[in-house]
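> For reference, the structure I am asking about is given below.
Any read-out appearing in this document is the output of simple, stated calculations on the displayed coordinates, not a laboratory observation. Just so we're clear, the structure is a prediction, and the values are computed from it rather than from any experiment. Don't worry about glycine lacking a Cβ; one is built from the backbone with ideal geometry, like all the others, and counts go over all protein chains shown.
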Amino acid sequence: MRYPRWRLLLFICAACLTCYWLYLGVTAALGPDPGKVLVDNLGQGALILLLCSLAMTPLQKLTGWAGWISFRRQLGLWAFAYGVLHLACYMYFLLGLDFSGFAAELADRPYIALGAIAMTGLLALAATSTRWSMRKLGKRWKKLHRLVYPTLIVALLHMLWVVRSDAGQWALFASIAAGLLFARLPAIQHCLVKYGSQVRNFVISKKTSNNR
Ligand code: HEM
């Protein structure tokens, strides 16, 4: 396993943030409606982690550092874990564990259906993120993992439906997502690699000329 310390740090940060929010919820420090705040925080957390996992490949292309790729899977799994907690808090705080109510919500509220679709996408990605799945699926693995793009778009639509009247934060997430999707185009990836290596070569030549 590469970069174990960085991965441990990432694990601790993601785990501590959830524990902190849950602690604030339990100690009534999240205002009059702690359940809603928890659902919102965890939903945003899931989306941010999904965006971070998508940022790893462009960063690797730009900096040439392979380490970014070893965080990609962990970030994706954390996005899934936050999504599960988001759903669990919604079921517990907003629906009072009324499972038949969930079926009615799915049918009545399109944004809940969109959330469920995004969650299914995250589940499929998380379930096939193991080395065993990679080996078993071979070339199909890459194709399957392109599911991350529609999953991200559906999650953004889900959020937009929730925040409709106050879409400032949504616009920020959507622009980052658009930038990351744009960075996946082969021509842009090529530019990132070229620009990254030009900058690195420039820095190396500056350092060597300073050392002389
Ligand atoms: C079955 C799955 C899901 C359900 C039932 C669900 C449910 C909800 C509900 C009820 C809200 C609004 C809470 C409120 O009243 O403020 C919400 C907001 C949100 N959800 Fe989900 N969600 C699901 C999946 C997801 C997934 C997979 C993501 C991200 C990857 C996500 C991201 C968000 C975001 C970003 C918000 C807006 C938070 C804010 O107000 O800023 N949700 N979700």
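> So what's the angle, to the nearest 10 degrees on a 0 to 90 scale, between helix 168-182 and the longest Cα principal axis of the chain?
40
> On to the next question. With 10 angstrom as the radius, rank 93, 182 by how many other C-beta atoms surround their C-beta, starting from the fewest.
Final ranking by Cβ density, sparse to dense: 182, 93.
> With viscosity set to 1.567 mPa s and temperature to 4 °C, compute the Stokes-Einstein D of region 4-211, Rh being the Kirkwood radius across alpha carbon pairs; µm²/s, no decimals.
Taking Rh from Cα pairs, D becomes 68 µm²/s.
> Here is a further query. Defining a contact as two alpha carbons under 8 Å apart and six or more residues distant in sequence, what relative contact order in percent does the chain show? Mind showing how you got there, number by number?
Values: 173 pairs, mean separation 48.2, N = 212.
It rounds to 23 percent for the chain.
> Computed FRET efficiency, Cβ-Cβ of residue 147 and residue 109, R0 30 Å: what is it to the nearest 0.05?
Computed FRET efficiency for residue 147 and residue 109: 0.80.
> Distance in nm between label sites at residue 36 and residue 136, each 7 Å beyond Cα in the beta-carbon direction?
For the pair residue 36/residue 136, the computed spacing is 4.3 nm.
> For the chain, take the longest principal axis of its alpha carbons; what is the angle in degrees between that and the long axis of helix 148-163, to the nearest 10 within 0 to 90?
With rounding to tens, the tilt is 50 degrees.
> Let me ask you something else. Among 32-40, 10-18, what's the highest-first ranking by average C-beta atoms within 10 angstrom per residue?
Result, highest mean Cβ count within 10 Å first: 32-40, 10-18.
> Could you check how many percent of all C-alpha pairs in region 12-80 are farther apart than 13 Å?
Numbers: 1570 of 2346 pairs.
Pairs farther apart than 13 Å: 67 percent.
> Let me ask something else about it. Would you mind ranking 3, 90 by Cβ crowding within 10 Å, fewest neighbours first?
If I rank by nearby Cβ atoms, fewest first, I get 3, 90.
> Quick check: residue separation of residue 189 and residue 175 times 0.36 nm, minus the Cα distance between them. What number comes out in nm?
Numbers: separation 14, 0.36 × 14 = 5.04 nm, distance 1.82 nm.
Extending this stretch completely gives an extra 3.2 nm.
> Helix 186-211 versus the longest principal axis of the chain: what is the Cα-based angle in degrees, 0 to 90, to the nearest 10?
50
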